[in-house]
Amino acid sequence: MAVLDIKKYPEKVLKQKAAPVTTFDDDLQRLIDDMIETMYAAPGVGLAAPQVGVSKRVAVIDISSKEESVPLIVLINPVIRDKEGEIDFEEGCLSIPDYTARVKRAESLVLSALDRAGQSVEIEAGGLLSIAFQHEIDHLDGILFIDRISPIKREFFKKRYKKKQ
Ligand code: NI
């Protein structure tokens, strides 16, 4: 296993729609293991493949540092089937260091995906796990959490980013 380099805003790969996984081979297993190690090393509660420069629909999520009972989850080709409610939470992202902002998300959801063996799974989630799923699935569509804040806040973020360069 290896800790991979995390791509940072405004790298292009973060804005691309990632391609579905079609082959469950050793390369995919290695990518997943490396992503898990990279997420824990960061440390973060989730990581999507585009964040390590791989434009594929793979994400790993582990919120056990916040909610102990939730295990590590590997999502491949996830699709949100149903959403309900609204929740507002202060989000950050490993690809956007030193910035957080409140983002509105669905409070609960149902998704279907494949696990790392290629088996179909259906997962229901609420609260923090629901937020983490939506944040990571957004990454697979080239969407960052700063795309979901108000235009005024986004302008502020971009100005601050330019200043730091
Ligand atoms: Ni992120």
Note to self: Only bridges whose two residues both fall in the chain count here: according to DSSP, what percent of them are antiparallel, nearest 5?
What the structure shows: 95
Item checked: Point-to-point label distance, residue 119-residue 24, nm (Cα→Cβ direction, 7 Å offset) -> 0.9
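Please state the charge dipole magnitude for the chain, taken about the Cα centre, from unit charges on C-beta atoms (+1 on K and R, -1 on D and E), reported in debye and rounded to the nearest 20. Working shown, then result.
Numbers: 24 positive and 27 negative charges, 259 e Å.
With only Lys, Arg, Asp and Glu charged at Cβ, the dipole is about 1240 debye.
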Check: Helix by helix, which DSSP H runs in the chain go 15 Å or more along their axis at the Cα atoms and have an average Kyte-Doolittle hydropathy of -0.5 or more?
Finding: 26-41, 127-140
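Students often get this wrong, so check it: of 15/162; 66/163; 104/162; 83/164; 12/164, which have C-alpha atoms separated by over 28 Å? Display every interim value, and only then the final one.
Working: 15/162 18 Å; 66/163 33 Å; 104/162 26 Å; 83/164 37 Å; 12/164 19 Å.
Beyond 28 Å between Cα atoms: 66/163; 83/164.
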Notebook entry, point to check: When the solvent-accessible surface of protein heavy atoms is calculated with a 1.4 angstrom probe, in what order do 62, 5 fall, highest first?
Noted result: 5, 62
Margin query: Springs between alpha-carbon pairs under 10 angstrom, Gaussian network model over the chain: which of 45, 58, 79 fluctuates most?
Written below: 79
Item checked: Accessible surface of residue 115 - all protein chains present, 1.4 Å probe, nearest 10 Å² -> 40
Notebook entry, point to check: If you find the alpha carbon centre of region 1-35 and of region 89-165, how far apart are they in angstrom?
Noted result: 17
Next item on the list: Can you tell me the FRET efficiency between residue 11 and residue 69 if r is taken as the Cβ-Cβ distance and R0 is 25 Å, rounded to the nearest 0.05?
Entry: 0.10
Notebook entry, point to check: Under 11 Å from the 7 Å Cα→Cβ point of residue 84, by amide nitrogen: which residues of region 109-131?
Noted result: 109-110, 125-126
Note to self: For a protection proxy built on the mean count of beta-carbon atoms within 10 angstrom, sort 32-43, 14-25 highest first, please.
What the structure shows: 32-43, 14-25
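Would you calculate a helix-derived [θ] at 222 nm for the chain, using -39,500 (n - 2.57) for each DSSP H run of n ≥ 4 and dividing by the full residue count, to the nearest 500? Please report the intermediate quantities before stating the final value.
Details: 3 runs with 44 residues, N = 165.
Per the formula, -8500 deg cm²/dmol.
The values are calculated or read from the model by the stated rules, or taken from the named source; none is laboratory data. Being a predicted model, the structure only gives us computed values, none of them experimental. No Cβ is skipped: glycine too gets one built from the backbone with ideal geometry, and neighbour counts run over all protein chains shown. Side chains included, ligands, DNA and RNA excluded: accessible areas come from the protein's heavy atoms. Shrake-Rupley method; radii C 1.70, N 1.55, O 1.52, S 1.80 Å.
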